[in-house]
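I have placed the structure first, in the form of structure tokens, so that the comments after it can refer back to it.
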Amino acid sequence: MKKLIMTTVSALAVLGMSYSATLAADVEAIAILTPEEGTDYGWNQQGVDAARAAAEKAGVELIVAQGLGYGDVRPTLRELAEEGADLMIAHASGYNTSAPEIAEETGVAVAIVDTPEALKQGLIADYTLSGHEGAYLAGVLAAKTTRSKTVGVVVSGEPPSWNSQSAGFAQGVKATDPDIKVIYAVIGPAAYSDAAGGKRVTESVIAAGADVIFGQGNGSSFGMLQAVETTKAADGEKVMFIDVIGDKSSIDKGYLLSSVIWDIEPVYSAMIQDLKDDTFGTKSYAIGIKDDSVRLLKTPQVDEAVWEEVQAVREKMVSGELSIDPVFDAAEVRKLMSEVEE
């Protein structure tokens with residue numbers, strides 16, 4: 001069922017300042033649409049939290065439409081446009097066809113993912129974000145943590161953002177120890193919320209010898225985490241899990257090794273400013289380790305000496321000594337892996 005939650009940010013009013021004196025008249029409200037609830041410690045929650053932070057920073061109204069699923073969201077987009085949204089953030093690759101259509105129909109600006117060729121000034125912007133730098137560091141961490149010399153990558157699909165992280169992870173593993181096997185497993189073409197599938201596929205990767213799992217899944221990641229919590233590695237010891245985008249530390253039972261954290265607030269803030277400056281739809285948006293919009297989470301399960309080694313690699317990235325290019329194509333990603341399972 002669709003849920004619309006309206007939040008009005010009024011910090012400027014509290015300070016005795018008028019909106020008309022501080023804000024551009026053409027940006028009074030933004031909206032974000034997510035396929036799942038914003039409580040998944042991942043893609044959906046980070047998107048909602050980032051939109052809320054960006055709205056508060058800009059002093060604009062935020063409308064959250066969450067739990068919409070992966071089907072046709074045109075009616076919701078039209079409703080949000082009618083409610084006065086000046087920017088609609090379509091936070092799912094499945095929305096990247098319908099959102100531009102409604103933008104053309106209503107004249108309301110939209111932001112979509114995984115479609116960089118769709119830019120249109122004043123109307124359509126793309127934010128195909130990549131956490132590949134953080135994933136590379138996660139690969140270094142996995143390579144220095146594995147006992148079996150086998151690690152796994154489990155994904156809920158192969159969208160560009162997942163592909164770039166899968167590739168970055170494999171590159172980090174191989175740069176650290178080229179003898180480590182990387183098993184690559186795809187739950188399904190769009191199995192983002194398939195927790196049962198996530199558990200089943202992760203168990204199969206563990207059975208193949210992996211004792212560190214790099215999982216990318218939205219809702220399906222809870223199944224992946226359940227698998228590592230209930231399945232022992234070949235040596236009878238723990239299997240460790242590396243998550244992406246969000247922080248599941250609060251629900252961890254000692255199996256979360258790390259996560260490639262994304263902070264999307266700077267991206268949404270830039271979109272709002274670009275709308276004000278009439279440059280929306282003319283540029284791409286990025287996140288990265290230099291400004292900590294991509295960072296690697298440190299948990300109690302990480303060995304201190306290993307963490308220092310990982311941070312040394314990060315410093316090489318920040319200084320420019322080490323550069324990691326994103327790989328967005330699924331076929332190219334598969335070439336980097338030791339073994340592919342489906």
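Look at Val302 and say whether it is closer than 19 Å to Asp211 by Cβ and surrounded by fewer than 18 Cβ atoms within 10 Å (Cβ to Cβ). Spelling it out, it is not the case that Val302 is closer than 19 Å to Asp211 by Cβ and surrounded by fewer than 18 Cβ atoms within 10 Å (Cβ to Cβ).
Restricting the stretch 211-246 to residues that are surrounded by 24 or more Cβ atoms within 10 Å (Cβ to Cβ) and of a type in the set (Ser, Thr, Tyr), the residue that is nearest to Val153 (Cα to Cα) is Ser221. When Gly59 is tested against (1) small (Gly, Ala, Ser); (2) surrounded by 20 or more Cβ atoms within 10 Å (Cβ to Cβ); (3) touching a Phe, Trp or Tyr at 6+ places or on another chain (Cβ under 8 Å); (4) over 29 Å from Ile251 (Cα atoms), just one condition goes unmet, and that condition is (2).
Sort out which residues of the stretch 249-274 are of a type outside the set (Val, Ile, Thr) and more than 23 Å from Ser204 (Cα to Cα), and write them in order of number. Outline the logic, then answer.
Taking the stretch 249-274 and keeping what is of a type outside the set (Val, Ile, Thr), we get 249-250, 252-259, 262-263, 265-266, 268-271, 273-274.
Matches in the stretch 249-274: Ser249, Ser250, Trp262, Asp263, Glu265, Pro266, Tyr268, Ser269, Ala270, Met271, Gln273, Asp274.
Scanning the stretch 34-50 for residues that are of a type outside the set (D, E, K, R) and within 17 Å of Leu225 (Cα to Cα), we see that the one that is surrounded by the most Cβ atoms within 10 Å (Cβ to Cβ) is Trp43. Within the stretch 119-178, the set of residues being of a type in the set (Asp, Glu) and surrounded by fewer than 24 Cβ atoms within 10 Å (Cβ to Cβ) comprises Asp126, Glu158, Asp177.
Would you say Thr76 is hydroxyl-bearing (Ser, Thr, Tyr), crowded, with 20+ Cβ neighbours inside 10 Å, outside the structural domain of Ser220 (by TED's automatic domain parsing) and at negative phi? Steps first, please.
Numbers: hydroxyl-bearing (Ser, Thr, Tyr): yes; crowded, with 20+ Cβ neighbours inside 10 Å: yes; outside the structural domain of Ser220 (by TED's automatic domain parsing): yes; at negative phi: yes.
So Thr76 fits the description; yes.
Just one residue in the set Ser221, Ser284 is in contact (Cβ under 8 Å) with a residue 40 or more places away in the chain and closer than 22 Å to Gly172 by Cα; that residue is Ser221.
For the stretch 119-135, a residue qualifies if it is out of contact with any Gly (no Cβ under 6 Å at 6 or more places or on another chain), of a type outside the set (D, E, K, R) and under 19 Å from Ile32 (Cα atoms), and the qualifying residues are Tyr127, Thr128, Leu129.
Does Arg295 qualify as being over 20 Å from Thr128 (Cβ atoms) and either of a type outside the set (A, V, I, L, M, F, W, C) or part of a helix (DSSP H, G or I) (or both)? Full working, then the answer.
Numbers: over 20 Å from Thr128 (Cβ atoms): no; either of a type outside the set (A, V, I, L, M, F, W, C) or part of a helix (DSSP H, G or I) (or both): yes.
No: the conditions fail for Arg295.
Residue count for the stretch 165-200, restricted to those that are over 16 Å from Phe241 (Cα atoms) and touching a strand residue (DSSP E or B) at 6+ places or on another chain (Cβ under 9 Å): 11.
The values are calculated or read from the model by the stated rules, or taken from the named source; none is laboratory data. Everything numeric in this text was worked out from a predicted model, so none of it was measured. Please note: Cβ atoms are built from the backbone with ideal geometry, for glycine as well, and neighbour counts cover all protein chains shown.
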